[in-house]
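Heads up: the structure comes next, in structure tokens.
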Amino acid sequence: MQEESKLASTADFRNGMVIELDGVLMQIVDFQHVKPGKGGAFVRTKLRKVMTGAVLDKTFRAGEKVDEVRLENRTMQYLYPDGDLYYFMDNETFEQFPVSKDVIGDQVLYLKENIEVNGLFREDSLLIVELPFFVNLKVVDTDPGIKGDTVSGGSKPAKLESGAMVNVPLFIEVGDILKVDRRINEYLERAK
């Protein structure tokens, strides 16, 4: 599938959208429409450079046009790390792609072998790796659970198999599989 590019207005902005500014691909991390009391409305954005992972703030005038870049979405599987590179395999072609830690960003804390991810491609280059919002990870280290303490509301830190740390209820024990929202690094529930 060939990449498509089209003009998009600031009204079309959404998190995860990829745009091209001055020849550089940027992914919208966050945006906010602002209507001040005086002057024209504008859109404040936080953009991440796709190739380097660098984050910058940019303001657009309301209604300003930008080039939206359509990328091909492929289901991939995480295989293994090798230094600062992380290897992913295309589930259809079985081709492997090395991706730098900068491109993966904070998601690296939630990577575990064999997890399925979305790979966004421009032509045949893997540009963006997106993990699922919710991941199931095993607790590898935490303080012992307190028997019968299920409703006291207390919490304790727990280290997960991927290296991430989350606060969990007191009854969670080593070996439990947890469902975690990786976007906010928060425990949701014990996985079934």
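The values are calculated or read from the model by the stated rules, or taken from the named source; none is laboratory data. These numbers come from a predicted model, not from an experiment. Note that each Cβ is placed from the backbone with ideal geometry, even for glycine, and that neighbours are counted across all protein chains shown.
Keeping to segment 112-121, report how many residues are of a type outside the set (G, A, S), over 11 Å from the mean Cα position of the chain (by Cα) and crowded, with 19+ Cβ neighbours inside 10 Å. Before the answer, list the steps.
Filtering segment 112-121 down to residues of a type outside the set (G, A, S) leaves 112-118, 120-121.
From what is left, the residues that are over 11 Å from the mean Cα position of the chain (by Cα) are 112-116, 120-121.
In the following step, the residues that additionally are crowded, with 19+ Cβ neighbours inside 10 Å were identified as 120.
Residues in segment 112-121 being of a type outside the set (G, A, S), over 11 Å from the mean Cα position of the chain (by Cα) and crowded, with 19+ Cβ neighbours inside 10 Å: 1 in total.
Name the pairs whose Cβ atoms lie under 6 Å apart, with the first residue in segment 128-151 and more than 26 Å from M26 (Cβ to Cβ) and at pLDDT below 90, the second of a type outside the set (A, V, I, L, M, F, W, C) and in a loop (DSSP other than H, G, I, E, B), and 6 or more positions between them or separate chains?
Every condition considered, the pairs that remain are G145/E173.
From (1) in contact (Cβ under 8 Å) with a residue 40 or more places away in the chain; (2) part of a strand (DSSP E or B); (3) closer than 30 Å to V140 by Cα, pick out the condition that doesn't hold for D102.
(2)
I'd like to check something: does segment 109-125 contain any residue that is assigned to a strand (DSSP E or B), more than 18 Å from R14 (Cα to Cα) and of a type in the set (D, E)? Please lay out each step first, then the result.
Filtering segment 109-125 for residues assigned to a strand (DSSP E or B) gives 116-122, 125.
Keeping just the survivors that are more than 18 Å from R14 (Cα to Cα) gives 116-117, 119, 121-122, 125.
From what's left, of a type in the set (D, E): 116.
Yes: segment 109-125 contains one or more residues that are assigned to a strand (DSSP E or B), more than 18 Å from R14 (Cα to Cα) and of a type in the set (D, E).
Could you check segment 1-58 for strands (runs of 3 or more DSSP E) lying wholly inside it with 3 or more residues that are modelled with pLDDT under 85? Working first, answer last.
On the way: elements: 4-9, 18-21, 24-34, 42-49.
Output list reads 4-9.
Pairs under 9 Å by beta carbon, first residue touching a residue at least 40 places away in the same chain (Cβ under 8 Å) in segment 77-99, partner surrounded by fewer than 16 Cβ atoms within 10 Å (Cβ to Cβ) and in a loop (DSSP other than H, G, I, E, B), six or more apart or different chains?
The qualifying pairs are Q77/N91; Q77/E113; Q77/N114.
Are any residues in segment 88-106 within 16 Å of N118 (Cβ to Cβ) and touching a Leu at 6+ places or on another chain (Cβ under 7 Å), and if so, which ones?
Result: F88, M89, F97, V99.
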